[in-house]
Amino acid sequence: MGVAGPSGPVLDRDEVDRALARLGAEHEAIETSLLALQDHAGRRLLEGAELTGTTKERWGTAEASITLLWAYFDAYAATLRSAREIRSRRRWSNRDDLVELTELLRGASVTVAGSTSATAAAPTMAGTGRLSEHFTLAELVERMNELYAKSLDMVVTADAVWSALPARIDLLAAELQRTRRLAHSVGVRPGEHPSGDDLEQITRTLTSLREQVVSDPLAFWAPAQGSSAPGGGRPDTTRYDREALALEEVRREIDAVLTVRQDAEARLVRLRDVLNRADRTLAEARSARGEVLAKIAASEVPAVSGPSTALQEQLATASEYRRHAQWHRLSPLLESLEDRAEDELLRARESLTKVTEPLAVRAELRGRLDAYKAKVARHGFAEDPLLVERYDAARRMLWSAPCDLRVAEQAVLRYQQAAAEVLVPRVPGHGGPQDRRGES
């Protein structure tokens, strides 16, 4: 190291040779990176695209930055060539050569014309309004790295969006067209079915989305949090995913319509059967109500409604839809009818149960009376006068019309009590019932 000059201590020959070797390697690396950026598919697409929005604004800056990068690189290369020429003058460089080399290698020896930077949209280190900028080689490399990283980030981001979203949108659009054809075949059309309107809306949205992605890809980029690497992030597929989900919902609806077309006749037959069973059950309930009113006295019997004419009318409408192949209208109608028909059958069965409840009570009392009579007979008390009297009284009430259930139940209870007194033996010396066969 020699005496200090304007750029610091003068480098010796070994330091100069090492610096030139390092700068040469650096020059090759920078040139390789710039050429790769120049040939990047994303950059070529950006150059030929009609851009809008954020992408247009950022590409204007990035394009100017790339132009400035080449200007900086040319200045860097020129300075490096000058340094090599000075070093090659002599095998052993003298002091004047070393001072000049030190100034080139360490001083602000790189001059970039102001006209180049002034016309570029990219910011410069020295600001605007200067005729030229002066850098050391180290400052110039730092500046080139900064511009390169920003330009590469923009190019990589646009290329990533273009590589991902348009192809996915095209695939979804193809699926959309297949779905539309299928929808038309089963009568799902715009203005006639909500799913037909949904398909039209999805078509418009996908067309608009693709145009926006192609012209402004950066609007569809989600940067990675905390990442400074070029292209750190992922394409924002939120709008695409929303349309894909909407199409899937429409597809499920059309599948339901297709299912209806395949088994419509079987479902209509099942519906007719369920409604017929409900009607027969209601008819049975009305008949039973007349019987109850005739045979049971002092009993509240609920009224029985007639068959559901609304369901029958809707069933007829469903048959019309089936006959005219209006599957998109038949599908929701069948689903509604199936639920309501089952409810109608359940209502009819509940009505029959409530109407026939007095008859069931009478049958239970009759069964209880005969069961106790059989029990008494097994113990040899069939001819007991009191039991015969109370049995005959209860039987007349239960087998006569109209039957008063409350009075008949009391008669059955009296017969049960008398039977219990006969069947339970008296304990000697205590009160209570005893076997009356001894008395006779």
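Could you pull out the residue among Q201, Q225, Q212 that is surrounded by fewer than 19 Cβ atoms within 10 Å (Cβ to Cβ), in a loop (DSSP other than H, G, I, E, B) and either on the phi < 0 side of the Ramachandran plot or touching a Pro at 6+ places or on another chain (Cβ under 9 Å) (or both)? Write out each step before concluding.
Values: Q201 fails: in a loop (DSSP other than H, G, I, E, B); Q212 fails: in a loop (DSSP other than H, G, I, E, B).
After applying the criteria, what remains is Q225.
Out of all the residues in region 286-313, which are in a helix (DSSP H, G or I) and surrounded by 12 or more Cβ atoms within 10 Å (Cβ to Cβ)?
Step one: filter region 286-313 for residues in a helix (DSSP H, G or I), giving 286-295, 309-313.
Once the filter is applied, which keeps residues that are in a helix (DSSP H, G or I) and surrounded by 12 or more Cβ atoms within 10 Å (Cβ to Cβ), region 286-313 yields R286, S287, A288, R289, G290, E291, V292, L293, K295, L311, Q312.
Can you tell me which residue is surrounded by the fewest Cβ atoms within 10 Å (Cβ to Cβ) among those in region 347-367 that are under 55 Å from the mean Cα position of the chain (by Cα) and either farther than 18 Å from N276 by Cβ or without any contact (Cβ under 8 Å) to a residue 40 or more places away in the chain (or both)?
Step one: filter region 347-367 for residues under 55 Å from the mean Cα position of the chain (by Cα), giving 347-358, 360.
Among the residues that remain, those that are also either farther than 18 Å from N276 by Cβ or without any contact (Cβ under 8 Å) to a residue 40 or more places away in the chain (or both) are: 350, 353-358, 360.
Working: E350: 13, T353: 13, K354: 15, V355: 24, T356: 18, E357: 16, P358: 23, A360: 10.
Ranking the qualifying residues of region 347-367, first place goes to A360.
Looking at (1) in contact with a strand residue (DSSP E or B) (Cβ under 7 Å, 6 or more places away or on another chain); (2) without any contact (Cβ under 8 Å) to a residue 24 or more places away in the chain; (3) not basic (K, R), find the lone condition where I296 falls short.
Condition (2) is where I296 drops out.
Just to be sure I understand the filter: pairs with C-beta atoms under 8 Å, separated by 6 or more residues or on different chains, first member in region 274-292 and modelled with pLDDT under 90, second member open to solvent by 70 Å² or more (accessible area, probe 1.4 Å) and small (G, A, S). Which pairs pass?
R289/A303
Any idea which residue in region 175-194 is farthest from R323 (Cα to Cα), counting only those that are in contact with a Ser or Thr (Cβ under 7 Å, 6 or more places away or on another chain) and assigned to a helix (DSSP H, G or I)? Step through it out loud before you land on a result.
Taking region 175-194 and keeping what is in contact with a Ser or Thr (Cβ under 7 Å, 6 or more places away or on another chain), we get 176, 183, 188.
Then keep just the ones that are assigned to a helix (DSSP H, G or I); that gives 176, 183.
On the way: L176: 29, A183: 19 Å.
Among those that are in contact with a Ser or Thr (Cβ under 7 Å, 6 or more places away or on another chain) and assigned to a helix (DSSP H, G or I), it is L176.
Can E335 be described as in a helix (DSSP H, G or I), surrounded by 17 or more Cβ atoms within 10 Å (Cβ to Cβ) and within 36 Å of the chain's Cα centre (by Cα)?
It is false that E335 is in a helix (DSSP H, G or I), surrounded by 17 or more Cβ atoms within 10 Å (Cβ to Cβ) and within 36 Å of the chain's Cα centre (by Cα).
So, in region 30-52, exactly how many residues are over 15 Å from D216 (Cα atoms) and surrounded by fewer than 11 Cβ atoms within 10 Å (Cβ to Cβ)?
Total meeting the criteria: 3.
The values are calculated or read from the model by the stated rules, or taken from the named source; none is laboratory data. Remember, it's a predicted structure, so these values are computed and weren't measured experimentally. Methodologically, a virtual Cβ is constructed for each residue, glycine included, from the backbone with ideal geometry; neighbour enumeration extends over all protein chains shown. Heads up: the accessible areas ignore ligands, DNA and RNA and are worked out on the full protein's heavy atoms, side chains in. Shrake-Rupley method; radii C 1.70, N 1.55, O 1.52, S 1.80 Å.
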